[in-house]
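Everything below concerns the one structure shown next.
Read-outs throughout are calculated quantities, based only on the coordinates presented, and are distinct from any laboratory measurement. If you're wondering where the values come from, they're calculated on a predicted model, not measured in any experiment. Here the Cβ positions follow ideal geometry from the backbone for every residue, glycine too, while neighbour counts run over all protein chains shown.
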Amino acid sequence: MDRQQEFVLRTIEERDVRFVRLWFTDVVGSLKSVALAPAEVEGAFEEGLGFDGSAIEGLARVFESDMLAQPDPSTFQILPWRGETEQTSRMFCDILTPDGEPSAADPRNVLKRTLAKAADMGFTCYTHPEIEFYLLKSQEPGPDGSPIPVDEGGYFDHVPGGVAQDFRRTAVTMLESVGISVEFSHHEAGPGQNEIDLRYADALQTADNIMTFRTVIKEVALQQGTYATFMPKPFTAHPGSGMHTHFSLFEGDTNAFYEAGSEFQLSETARQFIAGILKHAPEFTAVTNQFVNSYKRLWGGGEAPSYLSWGHNNRSALVRVPLYKPGKGQSARIEYRGIDSAANPYLAYAVLLGAGLKGIEEGYQLPAAAEDDIWSLSSAERRAMGHDPLPASLHDAIRAMEDSELMPQILGEQVFEHFLRNKRAEWQDYRLQVTPYELQRNLAIL
């Protein structure tokens with residue numbers, strides 16, 4: 001037994017932890033949880049916890065249903081919202097086959113495989129997400145069918161005595177108590193919309209943190225009598241919720257994206273990484289924007305990027321190169337602005353990183369940076385500049401992913417097929433629905 005496992009077992013005993021929750025996700029990023037009695041934890045470390053994988057979306061086919069959940073002791077945390085009495089803790093799990101091999105269908109393993117490839121190329125990947133969400137008065141819609149936000153605040157607004165302000169303070173305190181460092185928190189542009197930015201960490205830890213973050217935000221909202229949603233676009237007239245993520249690759253202690261004196265201080269490695277993301281973005285958009293509603297955000301305005309472009313401090317670009325600290329090489333990074341807050345972070349970061357690494361491997365050439373506001377250009381101007389559109393719907397995104405050679409390589413055939421099957425079913429359900437829009441527009445005149 002290693003030191004981390006011993007630490008977990010000792011902490012469970014000393015803190016009188018009564019329940020140990022084992023967490024993992026299905027293929028679309030829904031959090032799954034099973035509670036373990038403290039006496040069973042040592043056995044789970046040694047042998048894993050058996051369960052029926054065929055009952056979890058995308059994890060196993062019926063004829064190979066036996067799976068093992070292997071807790072990762074480095075992710076052990078006490079859950080503060082469960083209270084001081086009968087304390088509850090959690091650990092993330094790796095999913096194994098009965099013979100102890102990593103499951104090809106485990107989203108966490110997909111990201112670990114991609115990070116292992118980066119390591120083979122000499123890189124460590126760091127990520128820093130900016131997570132937006134809406135705080136609503138309740139889960140129930142108002143009289144007009146729209147959700148009701150908790151306030152009418154806007155970007156960076158300070159709302160004295162505001163619900164969101166108290167909410168953010170409680171949420172940040174709780175996040176930090178489970179080991180998640182927060183860099184910023186503020187009111188976003190939409191009424192009731194908030195943003196909390198997590199401090200940079202390696203990509204696997206960030207993905208684990210995002211899953212914990214969503215749980216914390218939901219729990220704090222429930223405690224305060226409100227409802228938090230990560231739905232990409234809950235309001236027609238207000239901005240959607242993105243999860244802009246900053247990426248940087250390090251070779252040892254050196255930032256591989258930084259080159260003093262070059263354009264925007266970007267190294268050739270960084271330029272190839274961006275080129276890889278831009279080239280393959282249409283193929284992975286179904287993963288970074290996985291719901292029908294995601295495309296209402298991408299094409300609904302409100303600073304969401306809709307075209308393949310990159311730029312320096314250009315917030316209309318899909319990939320932005322920030323320059324907050326000129327000359328400070330360690331802070332060199334790129335920001336991908338397409339991903340939304342409802343993505344499965346393990347798969348989303350795997351495809352983004354995998355596409356960037358492909359650009360480095362193949363020496364992709366980066367087109368010229370976009371200096372104009374891309375939203376204000378005409379269609380002909382965008383075409384002339386090479387700013388092709390992202391998929392306009394989940395259907396288009398599925399088609400682009402189906403035609404991709406790179407996505408099954410990154411995701412593995414099993415995750416690739418299960419994910420597409422899930423998304424095709426969602427699109428089929430959606431296209432059969434008669435919506436309030438159609439009834440309001442057509443019923444009285446047709």
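Points worth noting:
- Computed from the Cβ-Cβ distance with R0 of 60 Å, the FRET efficiency linking Ile148 to Gln409 stands at 0.85.
- Span from the the range 421-446 Cα centroid across to the the range 169-236 one, whole angstrom: 32
- Paramagnetic label reach from Gln224 (point 7 Å along Cα→Cβ; backbone nitrogen cut-off under 13 Å): within the range 166-193, residues 166-175, 185-188, 192-193.
- In this structure the amide hydrogen of Leu198, modeled in the peptide plane, comes within under 5 Å of the amide hydrogens of Ile131, Glu183, none closer than 5 places in sequence on its chain.
- Fully extending the segment from Arg18 to Ser138 would add 40.0 nm, taking 0.36 nm per residue of separation and subtracting the current Cα-Cα distance.
- Sites Trp81 and His186 - FRET efficiency at Förster radius 35 Å, r taken between beta-carbons, to 0.05: 0.95
- Exposure proxy ranking for Tyr364, Tyr430, Tyr126, based on other Cβ atoms within 10 angstrom of each Cβ and starting from the fewest, stands as Tyr430, Tyr126, Tyr364.
- Scaled radius of gyration (Cα, divided by 2.2 N^0.38 Å) that the chain gives: 0.99
- Mean projection area, nm², convex hull over Cα of the range 3-101: 6.4
- Contact order relative to length of the chain, as percent, for alpha carbon pairs under 8 angstrom and 6 or more apart: 15
- Extension gain, Met1 to Glu101, is 34.1 nm, computed as 0.36 nm per intervening residue step minus the present C-alpha separation.
- Among the DSSP helices (H) of the chain, those spanning at least 24 angstrom by Cα along their long axis with an average Kyte-Doolittle hydropathy of 0.0 or more are 203-223, 268-288, 345-362; this is a geometric and hydropathy rule only.
- Going from the residue with the fewest nearby Cβ atoms within 10 Å to the one with the most, Val319, Val34 rank Val34, Val319.
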